[in-house]
Structure formats: C-alpha cells, structure tokens
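Every read-out reported here was derived from the displayed coordinates using simple, explicitly stated rules and does not represent laboratory data. Because the structure is a prediction, the values reported are computed rather than measured. Note that each Cβ is placed from the backbone with ideal geometry, even for glycine, and that neighbours are counted across all protein chains shown.
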Amino acid sequence: MSIFQTVILAIIEGITEFLPVSSTGHMAIVSAFFKIEDDAFTKLFEVVIQLGAILSVVVLFWKKFIDFKNPLFYLKLFIAIIPALLFGAVLKKHIDNVLETPIFIAIILFLGGIVLLFVDNWFKHPEILEEKEISNRTALFIGFYQVLAILFPGLSRSAATIIGGMQLKLSRTLAAEFSFFLAVPTMMAATVKSLYDIYKESPEVLNTSGIQTLALGSIIAFVVALAAIRFFIQFIQQFGFKWFGVYRILMGGILIILILLGKL
C-alpha cells in the first residue's frame with residue numbers, strides 16, 4: 001500500500017465513518033479500484049483507521065465520556081456492544097468473504113439508499129430526547145441493529161444504529177449521538193481482536209513500515225472525522241436523511257453498472 005493510497009483511504013474513512021453511507025463499503029470499493037491486495041495487513045489497516053476516526057467522538061463529546069458520575073451511560077454502551085461482540089466473533093469468516101464481493105456491497109448501498117429516502121417520514125414523533133431516557137432494553141436493541149451492519153457490509157453501521165434508534169423512538173440527533181458513542185467500544189474491541197489475530201498469524205506485517213502506515217492513516221482519519229461529525233449533526237437537523245439516500249442510490253447504481261461492465 002503506497003502513501004497515496006494510505007492517504008486516500010484514510011480521508012474516505014474519516015468522511016464516511018459517521019455518515020449513513022457505509023465507510024466499509026466505500027473502502028472496499030476504493031481498494032478494488034486501486035487493486036490493493038486483500039491481505040491480512042489491508043484488513044487490519046481498515047479496522048485501525050476506523051478506530052482512529054471514531055476516537056474523534058471522544059474528543060468532541062469528552063464531557064460525556066469522562067462523566068464518571070453517570071455510570072449508567074457506560075452500562076448502556078456495554079449492553080449495546082454485546083450483540084456485536086457475539087455475532088462478530090461467529091460471523092468473521094462471513095464478513096471477510098462478503099468484503100471480497102464488491103457487487104454485493106454495491107447492491108446493499110443501493111437498497112439502503114431507498115430506505116433512507118423514507119426514514120424521516122416513518123419516524124416523525126420521537127419520544128426519547130435525552131440519553132438518560134434510553135433504557136437498558138433500548139440500548140440492547142440498538143446493539144442488535146448494529147449486527148445488521150456486520151451481516152450486510154455496505155449497509156453502514158451508523159445507518160443501522162441510527163435507524164434502529166429512531167424506530168425505538170429516539171430523536172434523530174440523539175440516535176446519531178448514541179450511534180457515535182456505541183462506535184467507540186465497538187471499534188476498540190474490533191481493533192484489539194484484529195491486532196491479536198495478525199500478531200498470531202502474520203506478525204511480520206507489524207514491522208516499522210507497517211506501524212507507520214497504520215499511524216498515518218489513523219491520524220488522517222481522526223482529523224477528517226472531526227469535521228465530518230460536526231457536518232453530519234448540523235445536516236440531519238436541517239435536512240434529515242433523504243439526501244444521503246439519494247447519494248447511496250446514485251453511488252450504488254453507478255457501481256453496479258461499472259462492475260457488470262467489468263470496469264471495476
């Protein structure tokens with residue numbers, strides 16, 4: 001992986017991680033376009049830079065994450081991450097196989113876009129407006145929605161959890177924020193697992209060059225994500241989700257055509 005490819009993938013990750021457009025899907029498609037080898041290091045890189053992007057949440061919402069006077073907040077995150085931990089371990093081979101099929105990701109991008117066109121009309125009357133009103137049961141169900149993104153790469157983890165939160169009566173803004181919060185322990189767990197796997201199976205890739213590539217990608221993704229989060233919150237408050245649906249439909253449709261024509 002060249003420095004140019006590292007920078008491009010990190011920028012894409014930083015922009016798309018918190019938008020309901022699937023960062024994993026975008027990186028898989030771009031990797032296929034650049035013909036980046038789908039080896040152990042590439043898979044590790046994609047997970048680690050996701051963590052880099054997600055750590056921007058801790059910076060932007062640091063008052064919430066360092067509020068040890070509110071242990072129930074951490075309990076809700078712990079409960080919500082349980083489904084992803086269980087299903088992620090069981091379905092890892094499925095995930096890896098699906099990520100090798102861009103046509104599947106493109107189709108999920110397209111279909112997910114259709115859903116986003118109507119989400120704002122489906123959930124017009126939220127009842128839960130503050131984090132303290134989220135029950136443990138609601139947190140657990142949002143965690144199960146996150147599993148859908150594990151089952152269907154290209155769906156978008158943020159889209160699945162935000163739509164799930166809105167279906168469970170959370171406001172748009174609160175659903176987005178809880179999705180951000182949930183991403184932190186989820187990606188920390190995924191990164192630790194990926195680092196352990198690669199250390200056990202292919203420790204040679206964790207050389208000086210590999211570590212520098214991981215560090216560069218993580219820093220870029222982190223900085224770009226800081227701006228992306230602010231944009232996303234302001235955008236959905238003003239316009240909702242339909243324009244993300246339009247983007248996904250156009251992006252997915254173009255990719256499907258390119259793949260069927262053998263151009264990608």
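List of remarks:
- Highest average first, the peptides 28-35, 117-124 ordered by how many other beta carbon atoms sit within 10 Å of their residues are 28-35, 117-124.
- Near I128, the amide H atoms lying under 5 Å from its own belong to L170, S171; only residues 5 or more places off or on other chains count, and H is placed 1.01 Å from N.
- Distance between modelled label sites at V59 and R137, nm, 7 Å Cα→Cβ extension: 3.9 nm
- The stretch 3-260, relative contact order [Cα under 8 Å, separation at least 6], %: 40 percent
- Cβ-Cβ distance of Q234 and L111, R₀ of 35 Å, FRET efficiency by 1/(1 + (r/R0)^6): the value works out to about 0.85.
- Neighbour cut-off at most 14 other Cβ (10 Å), DSSP loop, trypsin sites (Lys or Arg not before Pro), the stretch 203-264: K263
- In nm, spacing of pseudo-spin labels at L206 and V223 (7 Å Cα→C-beta vector): 2.7 nm
- Hits among lysines - C-alpha to C-alpha of K200 under 19 Å, sequence gap 8 or more where chains match: K43, K92, K93
- Multiplying the residue separation of L261 and L85 by 0.36 nm and removing their Cα-Cα distance gives an extension gain of 59.6 nm.
- Length-normalised contact order for the stretch 1-66 - Cα pairs under 8 Å, 6+ apart - percent: 32 percent
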